[in-house]
Amino acid sequence: MKVDGKDIRPIWLDEDLKTVKVIDQRRLPHEFVVADLETVDDIITAIKEMYVRGAPLIGVTAAYGVYLAALNAPDNYGETDYLIKECRRLKAARPTAVNLAWAADRVLSAVLNIENDAERLKAARREADAIAEAEAENCRNIGLHGLPLIEEIYRKKGNTTVNLLTHCNAGWLACIEYGTATAPIYTAFDKGLDVHVWVDETRPLNQGARLTAWELGKHGIKHTVITDNAGGHLMQHGMVDMVIVGTDRSTYTGDVANKIGTYLKALAAKDNNIPFYVALPSSTFDWQLRDGIKQIPIEERDPDEVRYVQGLNQGSTISVLVPPANSPAADFAFDVTPARLVTGFITERGVCKATEQDVRRLFPEK
Ligand code: MRU
């Protein structure tokens, strides 16, 4: 996507083929900083500390992590064991987004049987590049398949503004290009439809206020940042036509893990008869788990993320303490929206209901 006229992705391999470059998303929107990752430890830190975040991007970062493991493998190592061990470390970096293990395992299995070091390295790079390209293409197709849903509302409203609501950041920063939840919005806007986005700020780390608002602004899309609790009120007053969110892991039965607070939006949407769509590439489906609420691991993060808020103060980014210094806090990072509250999935192969039968219709090979 373009930032100030320049094409950029949230991750790329440097020309030296030794450095993975990522936009450090902790610093946005007030600073634009690119971080260099040169080792598996760097990659793990970037995922854990959320320089990179969002399910597809976490997957692509882990894929390049396996490439760096192959690149930096010590001489005379038992290469298979070493790569398997490094891959296991990468997969433990964050628990909820299923793309992480999927992408790391995919690169690992592409290289495990290659004996020659140079060939193994080439294969690792090829596979990581292929995953990045495929995720970009998946998001482009999610945009195309989601477009008719927005067009239909636009027509029904007599070609007046379509108001969408999204939670967290499921934009190109979380993916590679276009985003998942934002792809249909970008596609509709680029086609000339009048769209406006309500952007949930998404506490505690404010990925909506910091990242989604920044992305949409750079693309010229009308948007308004709202508190996480405003959505229900807006829905009751006819100010939301459609909700689109991303997901970090969705079961093939239709349960959706996404940033904490998504479930409450889905409940409010159901109560107000507003379509609630989840946009995802097939890499975000978990084909093993049936019951999202019981089985999807929910990450708990450092409570300081809840206690402190980061923002700009006289030109510098600072962090300030909100609750009393000795009040305990808890940081549950995701929740699970049950399939019955989801109107449909928007995938790279089309739109389907959030049911096992319909998901399998689109992905019969799974
Ligand atoms: O904790 P994060 O920022 O990695 O959580 C990200 C989200 O919840 C996104 O909505 C999700 O990954 C969808 S990705 C396109």
**OP:** Return yes when Leu173 is touching a Pro at 6+ places or on another chain (Cβ under 7 Å) and more than 16 Å from the ligand (Cβ to nearest atom) and no when it is not.
**Re:** no
Subject >> Hits in the range 13-25 - residues which are open to solvent by 80 Å² or more (accessible area, probe 1.4 Å) and touching a residue at least 24 places away in the same chain (Cβ under 8 Å) >> reply: Lys18
Original post:
Can we say Leu216 is in a helix (DSSP H, G or I) and touching a strand residue (DSSP E or B) at 6+ places or on another chain (Cβ under 6 Å)?
Top reply: yes
**OP:** Among residues belonging to the range 172-229 that are of a type in the set (Gly, Ala, Ser) and under 20 Å from Gly158 (Cα atoms), point out the one that is most open to solvent (accessible area, probe 1.4 Å).
**Re:** Gly192
**OP:** Please list, ordered by first then second residue, the pairs with beta carbon atoms under 9 Å, 6 or more apart or interchain, first in the range 153-174 and over 16 Å from Thr284 (Cα atoms) and assigned to a loop (DSSP other than H, G, I, E, B), second charged (D, E, K, R) and away from the ligand (no atom under 16 Å from the Cβ).
**Re:** Lys157/Asp241; Asn159/Asp194; Thr160/Asp194; Thr161/Asp194; Thr161/Lys222; Thr161/Asp241
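Suppose we filter the range 137-163 for residues that are open to solvent by less than 60 Å² (accessible area, probe 1.4 Å) and in contact with a helix residue (DSSP H, G or I) (Cβ under 9 Å, 6 or more places away or on another chain); how many remain? It would help to see each step written out before you state the result.
Here is the first cut: in the range 137-163, the residues open to solvent by less than 60 Å² (accessible area, probe 1.4 Å) are 138-139, 141-143, 146-147, 149-151, 153-154, 158, 161-163.
Applying the additional criterion that residues be in contact with a helix residue (DSSP H, G or I) (Cβ under 9 Å, 6 or more places away or on another chain) yields 138-139, 141-143, 146-147, 149-151, 154, 161-163.
Qualifying residue count, the range 137-163: 14.
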Original post:
Residues in the range 37-49: is at least one closer than 27 Å to Val256 by Cβ, open to solvent by 60 Å² or more (accessible area, probe 1.4 Å) and at pLDDT 95 or above?
Top reply: yes
Original post:
Do any strands (runs of 3 or more DSSP E) lying entirely in the range 315-366 carry at least 2 residues that are touching a helix residue (DSSP H, G or I) at 6+ places or on another chain (Cβ under 6 Å) and either over 30 Å from Pro29 (Cβ atoms) or small (Gly, Ala, Ser) (or both), and which ones are they?
Top reply: 350-352
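The values are calculated or read from the model by the stated rules, or taken from the named source; none is laboratory data. Owing to the predicted nature of the structure, the values given are computational and were not obtained by experimental measurement. FYI the Cβ positions are ideal-geometry reconstructions off the backbone, even for glycines, and counts take in every protein chain you see. For the accessible areas, the whole protein counts, side chains as well, though only heavy atoms, and no ligand, DNA or RNA atoms are used. Shrake-Rupley method; radii C 1.70, N 1.55, O 1.52, S 1.80 Å.
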